[in-house]
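Comments concern the structure below.
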């Protein structure tokens, strides 16, 4: 039978059950009285069945992970999604190149600003001169910002990282952090530096001690405008940046048994955060607050615990006995 | 047998709403739910597993980036397939050489056994059972080759109907074409596939 497009269309729709009842009846009558039409119906039905019989192949098992990594790459490169409109390829390529170039410039600018903030020389007696801390017995060193970070301190065995926190309430947050360091009996293991726009603390102690300090920052975490953790590896170029980082993530990363595990957990957290940032309705503050027990924002940073000499008020736990396994530089920055 | 569209839509709206508020777990569940079917449809249209994996990835990245804009005018099911099929068809258009190359290399690959199986299949003495056909690997391999010889719009409509099991209305929605166009394109695709198979038999 020579193919007739109208008959084929009718038969094809009949096979799929997509004909109204009246037309279905007509097709059934036609098939019953015309052997050629019946044969054509079998041909089309067999074509459908053959395609239907093609085996389904499973998607790659790591598809979800690949999607996350793809999102992370896009986030890092500032890429936009590919246009699906036809003829937009060349324009899309131009836009991608432009965005990539802009992202690179922005990245370089941002990096330059950060480096400048860290290494800018402080003129003696000038407004940027470090102020000695006399309130708490945390050791003060001349210019901690110049010596931090020190990726090689514990790389390979322990943890080495830098935690950057931004807040509008610098003084209160500073007092709180110092109280936390003291309350955990780590005053002798910490050094601090006071600058007009920032406070820098370097803590070198056991992982457990550092974990306790970080965990104790939980109550004020939601008050930070941003939180960023840099985990150093043996090679500086391989440092892992987790941003925005939650207090739980920092505790998990620091709490690992070895450097390799810490880096692994940090990378995973970075991917998850990247994934979260690509989601709609994302809100850095909400991510930062995921550890808080309440969703109600508290504008006030809690007052630090009293640093009194009264042993009834202040019980200082014993310093860590597990040796130096972790080095963390906490940089508290003032958000203007 | 392909699942019907209705049976997979049960919890989609809830998951979509949660995803729109930034719920990662809900989005992951949507991805896990659809990744296999999306991959399979893309694979059957593109004919290449590496391309299919990449396009599936691209589809879900686009879903994540656009979920906020999803207003629910169509079902999530057809929306996600629309993204996948559009990406695949655009990709196929851009890399038309790929299809040509694969056809060139696979031409006349029907060996004696395959040709015999194809001859039996084309005799049209009866309607073949898909379950029985699925066990005849040589025939399925030829069917894959034949499917790749259809032009992409015909291939897409056939894959959506005969593999994914979509109804005509959903296909029209996914491909953004009229219902009548779905009807005629599908009919031509089946007729064309038959001609290709007959040519392979000779």
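Read the figures in this text as sums done on the coordinates, not as results from a lab. Values in this document were obtained by computation on a predicted structure and should not be read as measured data. In this analysis, Cβ positions are derived from the backbone assuming ideal geometry, glycine residues included, and neighbour counts consider all displayed protein chains.
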Residue-averaged 222 nm ellipticity for chain B, from DSSP H runs of 4+ at -39500 (n - 2.57), nearest 500:
-23000 deg cm²/dmol
Please give the Cα centre distance for the stretch B:24-58 versus the stretch A:1-55, rounded to the nearest Å.
32
Can you tell me the FRET efficiency between residue B:69 and residue B:151 if r is taken as the Cβ-Cβ distance and R0 is 35 Å, rounded to the nearest 0.05?
0.70
Binned at 10 Å starting from 0, the alpha-carbon pair-distance distribution of the stretch A:10-81 in whole percents comes out as 16, 26, 14, 13, 17, 11, 2
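Sort A:115, A:241 so that the residue with the fewest other Cβ atoms within 10 Å of its own Cβ comes first and the one with the most comes last.
In increasing order of surrounding Cβ atoms, one gets A:115, A:241.
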Quick calc: nm separation of the 7 Å Cα→Cβ label points for residue A:197 and residue B:25 -> 4.1
So, by mean Cβ neighbours within 10 angstrom, what's the order for B:118-131, A:201-214, A:42-55 with the highest one leading?
A:201-214, A:42-55, B:118-131
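What is the order of A:240, A:99, fewest Cβ neighbours within 10 Å to most?
Numbers: A:240 20, A:99 14.
Ordered from fewest to most neighbouring Cβ atoms within 10 Å, A:240, A:99 come out as A:99, A:240.
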Across the residues of B:191-199, average count of Cβ atoms on other protein chains within 10 Å?
4
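Quantify how strongly other chains surround peptide B:64-70 by giving the mean number of their Cβ atoms within 10 Å of each of its Cβ atoms.
Mean partner-chain Cβ count within 10 Å for B:64-70: 4.
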When you look at the Cβ of every residue in B:34-45, what mean number of other chain Cβ atoms sits within 10 Å?
3
Binned at 10 Å from zero, the C-alpha pair distances of chain B give percents of 8, 32, 34, 18, 7, 1
So for R0 = 41 Å, FRET eff. of residue B:93-residue A:106 from the Cβ-Cβ r, to 0.05, ends up at 0.75
So, by mean Cβ neighbours within 10 angstrom, what's the order for B:47-54, A:30-37 with the highest one leading?
B:47-54, A:30-37
Which FRET efficiency value, to the nearest 0.05, is calculated for residue B:137 and residue A:61 with the Förster distance at 25 angstrom and r the Cβ-Cβ distance?
0.60
